Each structure stands twice: as C-alpha cells, then as structure tokens.
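First up is the structure itself, then whatever we jot down about it.
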Amino acid sequence: MPILLGRIAATVLLCLCGAVHAQGAVERIRLAPPQAMFRDSITLNQFVGGTLRFVLLHEIGHGFVDLYGIPVLGREEDAADRFATWWMAPDGEGQDGTDAIAAMEWWLASAKSSELNREQIAWWDEHGIDEQRGYQIACLLYGSDPETMGPLAGRLGLPTTRRESCLPEAQENAASWSAFLRGQASTLTHQLDGFLVPKNYVDAESADTVDAGKLVREMQLLEELAGMLGQFKFPEGSVMVRMYAKDCGMANAYWDPNEKSIVLCYELVNHIANVGYAAGFR
C-alpha cells in the first residue's frame, strides 16, 4: 500500500525544501560531536537526509555485491547495512557519523510506529527487524570510534559486554569492505575508468509526492552518490550505474540487477518524513 503524505507532513516537507534552498543545496547539516549523540539535537532535516543517504548507500552495497561478485557470508541485507554504516562512520575528515545516527533513529522510530504485534512480524523476512538494524548501526558506530560514540552507546543502554564486542565487529566490517573495494578504486586521471552515473529525477506524477521530489532534488542526493560511485572502476560489461528518483506507488528504494540501477521512490521520502515528525523530530 502506498504511504500518502498527510497535510502535516506536506507542510514539513515544504519547510525542509525551503531550509535546504536557503542554506545552499550542497551544504550538509552537521552536528558537532558530542552534541550529535543526543536525540533532541537531531533535526527533522537531519533525520530525513541522513536516513535517505543510508538507504542509498545500502542499495549501493547491493550493487557492489552484484557488480563485483563479492561473496557474502550471511544475509546480503545485513551486509548492505554494514556497508552503509562503514561508509558513514566517523573518518576524521568529512564524515562525523551524524547521518548514520539519524538513520539509526529512523529504524528505532519506525519500530515504535509499527502497529504489528509479535504474531504479525515477518520473522522469515530477508531483512532484520527494525530495532536490530538500528542497534547494529549503533554498535558499529561505537566500535569505529568509542571515544566519540560513547554517549550514544550510553543513552541506548548498550551493556559493557556488548560494547566490547562492537570493537572487533567494526574492525572486521571495515577490513572486509576495504579489502574488497581497495582494488576497485579508480586509477586513471579524471577517474576515466570510474562508473558513469546518469542521474534521472523523474517529475512526480502525484500531488502527494511533489514536495518529496523537490526535496530530493534540493538535497542533491543523486549527485552526491554519483560522485561516490565515480571513484570506483566499472567491471567489464557494466560501465554505467543509473540512478532514478521517481514515483513508485509504494515507499521503497532498491537495486535493479537487470538494469544495474538504483531507484529511490518519492513515497519513501514521505514515509520517512511522516515517521520522523510523529517521533518528535522538528
């Protein structure tokens, strides 16, 4: 069933579009650690933007598994989550982890907003349950930078024994993805051996998704991820990875292995904004 944008969320997206436009489309909202560790410091703009970046990186993780033939031990959905968290973890340069924290908040808020009871949860699904996905992000973030992420682990109640195991988990995750992708880094001048990434912002067909389409454009999410993909060499026979933002009829984002494309659905933008607003983010 498609998630329709309510009147309140429509107003929220209009405000978010205006905020992004006023600040400049390329500028990213950042929260200085350790302020970012506290839930009340995360704005709705950060909640939506960070979650969408996580979602797109998750789909890129699926794409890398497909394009490079990366073997996955365990569920590919978990591997894609781990890739996104690794890419968004604090690195001492551009990433400070706040987008990943926003995505963590999304999974926890999504779980709280669900009306499913225990008997209705799809335990057999290829995805983990929302709470687990949120806490997995928190664990990997803590393991990547315990000093910075200590307050986050504290407010989530991660016990000491779990925090200790998060350290090797984060190290193993970083080592695994680094090992597979290091050899795929573009080596030619101007990244001529990197992926070509056509970007397609398809006009919204529904009045319910017009504001979502505007927000995605103003955040320049496809441009951001296209620049990231251009850093990696294309394998033989797969020069392009296409990116689409469009109406889908349902809240979703996915990797299309046939077309070698990533699709972000405007309905998902609406859904994330609705959940974030209901959870108290402003």
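The values are calculated or read from the model by the stated rules, or taken from the named source; none is laboratory data. Every value quoted in this text rests on a predicted model; they were computed, and no experiment measured them. Virtual Cβ from ideal backbone geometry, glycine too; neighbours counted across all protein chains shown.
For residue 259, the stated conditions hold: it is free of Cβ contacts under 8 Å to residues at least 24 places away in the same chain, farther than 23 Å from residue 82 by Cβ and charged (D, E, K, R). Going by the conditions given, is residue 125 charged (D, E, K, R), at pLDDT below 95 and not in a loop (DSSP other than H, G, I, E, B)? So residue 125 does not fit the description; no.
Out of all the residues in region 162-174, is one or more under 22 Å from residue 78 (Cβ atoms), more than 20 Å from the chain's Cα centre (by Cα), modelled with pLDDT of 95 or more and hydrophobic (A, V, I, L, M, F, W, C)? Yes: one or more hits. The set of residues in region 166-206 being on the phi > 0 side of the Ramachandran plot and surrounded by 13 or more Cβ atoms within 10 Å (Cβ to Cβ) consists of 191 alone.
Taken over region 256-277, residues that are surrounded by 23 or more Cβ atoms within 10 Å (Cβ to Cβ) and in a strand (DSSP E or B) amount to 3. Taking region 225-247 as the range and being farther than 16 Å from residue 68 by Cα and free of Cβ contacts under 8 Å to residues at least 40 places away in the same chain as the test, the residues that pass are 226, 227. The criterion of at least 2 residues that are β-branched (Val, Ile, Thr) and within 27 Å of residue 64 (Cβ to Cβ) is met by none of the helices (runs of 4 or more DSSP H) falling completely within region 146-224. Residue count for region 67-113 under the criterion of being at negative phi, small (Gly, Ala, Ser) and in a loop (DSSP other than H, G, I, E, B): the result is 2.
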